[in-house]
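The values are calculated or read from the model by the stated rules, or taken from the named source; none is laboratory data. Please read all numbers here as calculations on a predicted model, not as lab measurements. Here the Cβ is made from the backbone with ideal geometry for all residues, glycine too, and neighbour counts use every protein chain on show.
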């Protein structure tokens, strides 16, 4: 097997994939050699970057980023130099780094938290990768930036972000009505069609609800409604699961006023931070995505992702290789076995 810096991060079948693969190899070498110990990134940021960007997981991260870029660019039917691109909810992944090397007309970074945008700026400077802007906030902040600066975002792409968005309907509707975007390409590991992954998420939801979010909601309820009785508290804590912002306070007020409280749509076992609205990987089916995206005015596509083949153990890599072949055999139904899915919204 070739060294990873000679590895095909995406199979070079045309000029675009060859270009992406060349830049992916270059990025791999750069990231492995990167030393952020003397930067202004805090200890949390350094630990996160080192944990997620060393060893075999780096290969899969760059593979995934290369695939997102290739597929989304092909949907545009334009040259890379004529396309603007934003990595939405980027964190410290490799998508914005690889995108910054491809030669887009404009390349932007976004994350909900300002400190992540600062981390990204420092890392890009160290790697000599130019981005045209670092935007902190949600989709409203991205759209406002675009309108204020008279710029568009032809491709809005994300990796493992869409499952954390509080209100998907609002997200796609805002993006559609803004008229700044032609392709919104998202991947998510929250694939409910794969039974093993579904149960993994069920277990995680139950755990984080029990150890963190349930107590958080109870404390916030007592702030909002000091008169709540201990007998009513369990019911109120449960009906506020999956709510944040005004949705949370409205539910508490309606309950206290003995008014009906509408259930949270597509809640399932999911839970969230009631202050920030960050979801604990909301499980959304293909049909639900389709309904939300089409109602917001987009065309819809939903395809299977691929398994990582760079684990420590050869037997595990052999197994994931078999899974990838089965995913390919299943074709359009490959998402029943895939570890993640691609959720795509397109404006013609």
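Of note:
- When the residues of region 94-113 are filtered to those that are crowded, with 24+ Cβ neighbours inside 10 Å and either outside the structural domain of residue 161 (by TED's automatic domain parsing) or part of a loop (DSSP other than H, G, I, E, B) (or both), the one that is nearest to the chain's Cα centre (by Cα) is 94.
- Some residue of region 35-42 being assigned to a helix (DSSP H, G or I) and either in contact (Cβ under 8 Å) with a residue 24 or more places away in the chain or more than 23 Å from the chain's Cα centre (by Cα) (or both): no
- Qualifying residue in region 304-318 (condition: closer than 28 Å to residue 167 by Cβ, in contact with a strand residue (DSSP E or B) (Cβ under 9 Å, 6 or more places away or on another chain) and either at pLDDT 95 or above or not in a strand (DSSP E or B) (or both)): yes
- Single match in 166, 172 (criterion: touching a residue at least 24 places away in the same chain (Cβ under 8 Å), surrounded by fewer than 22 Cβ atoms within 10 Å (Cβ to Cβ), at negative phi and under 17 Å from the mean Cα position of the chain (by Cα)): 166
- Once region 139-163 is narrowed to residues that are in contact with a strand residue (DSSP E or B) (Cβ under 9 Å, 6 or more places away or on another chain), free of Cβ contacts under 8 Å to residues at least 60 places away in the same chain and under 24 Å from residue 190 (Cβ atoms), the residue that is surrounded by the fewest Cβ atoms within 10 Å (Cβ to Cβ) is 141.
- Among the conditions (1) assigned to a helix (DSSP H, G or I); (2) closer than 20 Å to residue 180 by Cβ; (3) out of contact with any strand residue (DSSP E or B) (no Cβ under 7 Å at 6 or more places or on another chain), the only one that residue 78 does not satisfy is (1).
- Taking the listed residues 122, 73, 41, the one that is closer than 26 Å to residue 181 by Cβ and either crowded, with 16+ Cβ neighbours inside 10 Å or out of contact with any strand residue (DSSP E or B) (no Cβ under 6 Å at 6 or more places or on another chain) (or both) is 73, with no other qualifying.
- One residue stands out in region 251-264 among those that are touching a helix residue (DSSP H, G or I) at 6+ places or on another chain (Cβ under 9 Å) and assigned to a loop (DSSP other than H, G, I, E, B): the one that is nearest to residue 332 (Cα to Cα), namely 264.
- Qualifying position, being at pLDDT 95 or above, in contact with a helix residue (DSSP H, G or I) (Cβ under 9 Å, 6 or more places away or on another chain) and either surrounded by fewer than 16 Cβ atoms within 10 Å (Cβ to Cβ) or more than 27 Å from residue 11 (Cα to Cα) (or both), among 218, 231: 218
- Qualifying residue in region 242-251 (condition: at pLDDT 95 or above, surrounded by fewer than 19 Cβ atoms within 10 Å (Cβ to Cβ), within 13 Å of residue 270 (Cα to Cα) and not assigned by TED's automatic domain parsing to the domain that holds residue 189): no
- Any chance residue 27 is in a helix (DSSP H, G or I), in contact with a strand residue (DSSP E or B) (Cβ under 9 Å, 6 or more places away or on another chain) and under 18 Å from residue 131 (Cβ atoms): no
- Just one of the numbered conditions (1) surrounded by 15 or more Cβ atoms within 10 Å (Cβ to Cβ); (2) within 26 Å of residue 141 (Cβ to Cβ) is not true of residue 177: (1).
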